[in-house]
Each structure stands twice: as structure tokens, then as C-alpha cells.
């Protein structure tokens, strides 16, 4: 088998199935990444969503018998909506990060990788393959960096010369000894715009992030959000794009190559108030196909309540009162109390005083007291 010819055939086929960039690297251990991950663990900077076994994250040989190479793929996604939605007083809107626009990218990339697997096996039946997207053991970014897809920016995103950092990544471990591609030169230079713009200071230094205080992570948690981050989150419902938006390599970047990745405006930027009473079924029907739905409706509802407080949206007082009175979840009730405190009108304070007489949960009572004290 001529593996150079197979590599070229794979590159050509990848274009046919909607893969915007493809690269090849060895299946050697990721030694530098391993040292970084150990340091991250020591500093308690990991989010907890990652694979916990560092050996599996950095040694492809543990994931596929006879691993010889890794194929990395990138798919570009839009950064602007064709149909814009603007929130206004009385009809405020929240925002999902761009990575959650359109159909869940895990599904989209897995389908493309599946097609690629079938193509490779049709050409080389002896092939052994293992594909993954985001939730797999390997670091998508480390693979992409070594495979020449892009360089790892100071914002910890892979930046491609063609599409900026607005790309989804996936990879496939193979037992085929493909010739590796060359990594791309790091072009961040002395630019520190992303570090300066990070709302919570999660970008500790270039290439190092404290994931536990990254807004993208915070919006996905299910507990009470620490108070110091509530106003910072603003109207973000899921994820954060700040460190990518300010990147010079993303200036003017906006690609609409794939129909399934196009955002539906009422999903990507939904009205906030209806989210407070949305049922599980309604949530799944409306948001279930997006990447932002994977943690369920609770974080989205909590963030919607925070956004209403951020806007000081007086028209939401009745809805927040209903949440504070009837919702069975202390986190949601307590966050509603915080939002009412931020709205701060006499009507909002009366709702809080009334709720204080009946509330039994200590955490919620604490939120009510703080809200009334402000």
C-alpha cells in the first residue's frame, strides 16, 4: 500500500464531505502537554469536565493498539447571524456562544469522521481507527497544533491562518504510518489583547487558563454562581467568545460553509423571560440539538435570571416572583432573589420581603437578605 497516495486521497475526500482543513501527525506521546496538565492539576485549574487520566490524554498508544498516526480535522463555523435579533426593554435576550450555534458540533464532526473512517477502510481494509470529538481522551487542540492545523494562541484556542480560531476540532487515531505534517509557526507575538480582555482574569498567562473561573465553564455549572461573577456574565447563557472576538486573527472572520451550523436566531439569542418557565420537554425540543443543551435547562435558566438582573428588567418582576415562590430548586429561587435585588424597585423589594417570611432554605434566605441589604 502506498500510504502517501492514501494520504492524498484522504485529503481530497475530506473536502467532499465538509472538512475545511485536515492535518496529519504521529501518534507519539504528547510529552509537553503532559507536563502542562500535571501543572494544571497541581494548581487546581482544571474544570473537571476533562478526562481525568493524564496518561490517556497524552499517550495515543493507550487508546488504539498499534497507533501510528493521528488525523486532525477542522470545520469552520459562522460568527455572525444572517438574521439579527436585538433585545430591548421589556423583551431582553440572552446569548449562546458561537460554538453552540447550529446543530451540536459533536454530532456534525462525528458524522464527518465516520465517513472518513469508511473511506479509509474501503481503501485499506487493515486499518484500525478511533475517532473522537471534544469529549474523547485526547486534547483536540494539542493534536491540531502538532498536525499543522493552527497554532495554540495565548487564549488557548487553535488559531488557523484561514479561519481564525472559529473552528471545531476532531481527530482520528490510526495504525497507518502517514507522513506527518509540519506544525505552524506561533504568530501571537507580543499581542496580549485576549489576556487583557478576559472578563474574569481566567487567562493567567499566554497559553495557560484557570478553567474554574472561565466564563465558558461558569455558565455550565449548576450550583449557585459565585456573586463576584454574576454581573460579569451579563446576558451570556452559555459560553463566552470574548477572548476570540478581540483576537486580531479573527477580525472579519465569518464563514457560512455548512448549513447545519447556521444559527437559528431565536435559539442562539432567545428571549430571557420565557426561559424561566420552560418545561423539560420544551427545552429539549427547542435547544436539544445544540451543544449548549448538554447540561440541561438548569444552568441556562439560572443564567437567564442573572441576565434579567443584569438588565434590571422591571417587566420580569412578576415572573421572578413566581420563580421565587414556586420553583422547587434552591439555586433557581436564590438566583431570582439576587436578580430582584438588582432590579431594586419597591415592588421588587416587596416581593423579597414577602418571600422571606415563607422561605425555609438557608441558602435562599441568605440570598434574600443580601438582596434586601443592597
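Could you tell me whether any residue of the stretch 365-374 is under 33 Å from the mean Cα position of the chain (by Cα), part of a helix (DSSP H, G or I), under 19 Å from residue 90 (Cα atoms) and in contact (Cβ under 8 Å) with a residue 24 or more places away in the chain? No, every residue in the stretch 365-374 fails to be under 33 Å from the mean Cα position of the chain (by Cα), part of a helix (DSSP H, G or I), under 19 Å from residue 90 (Cα atoms) and in contact (Cβ under 8 Å) with a residue 24 or more places away in the chain. The listed residues are 173, 233, and the only one of them that is in contact with a helix residue (DSSP H, G or I) (Cβ under 8 Å, 6 or more places away or on another chain), at pLDDT 95 or above and closer than 24 Å to residue 51 by Cβ turns out to be 173. Just one of the listed residues (253, 204, 246) is more than 16 Å from residue 165 (Cα to Cα) and either touching a residue at least 12 places away in the same chain (Cβ under 8 Å) or in the same structural domain as residue 45 (by TED's automatic domain parsing) (or both), and it is 204.
Does any residue of the stretch 77-86 turn out to be touching a strand residue (DSSP E or B) at 6+ places or on another chain (Cβ under 9 Å), under 18 Å from residue 158 (Cα atoms) and surrounded by 17 or more Cβ atoms within 10 Å (Cβ to Cβ)? Yes, the stretch 77-86 contains at least one residue that is touching a strand residue (DSSP E or B) at 6+ places or on another chain (Cβ under 9 Å), under 18 Å from residue 158 (Cα atoms) and surrounded by 17 or more Cβ atoms within 10 Å (Cβ to Cβ).
Taking the stretch 49-76 as the range and being surrounded by fewer than 19 Cβ atoms within 10 Å (Cβ to Cβ), touching a helix residue (DSSP H, G or I) at 6+ places or on another chain (Cβ under 8 Å) and part of a loop (DSSP other than H, G, I, E, B) as the test, the residues that pass are 49, 50, 51, 63.
The values are calculated or read from the model by the stated rules, or taken from the named source; none is laboratory data. Just so it is clear, the structure is predicted and the values come from calculations on it, not from any experiment. So basically every Cβ, Gly included, is an ideal-geometry build from the backbone, and we count neighbours across all protein chains shown.
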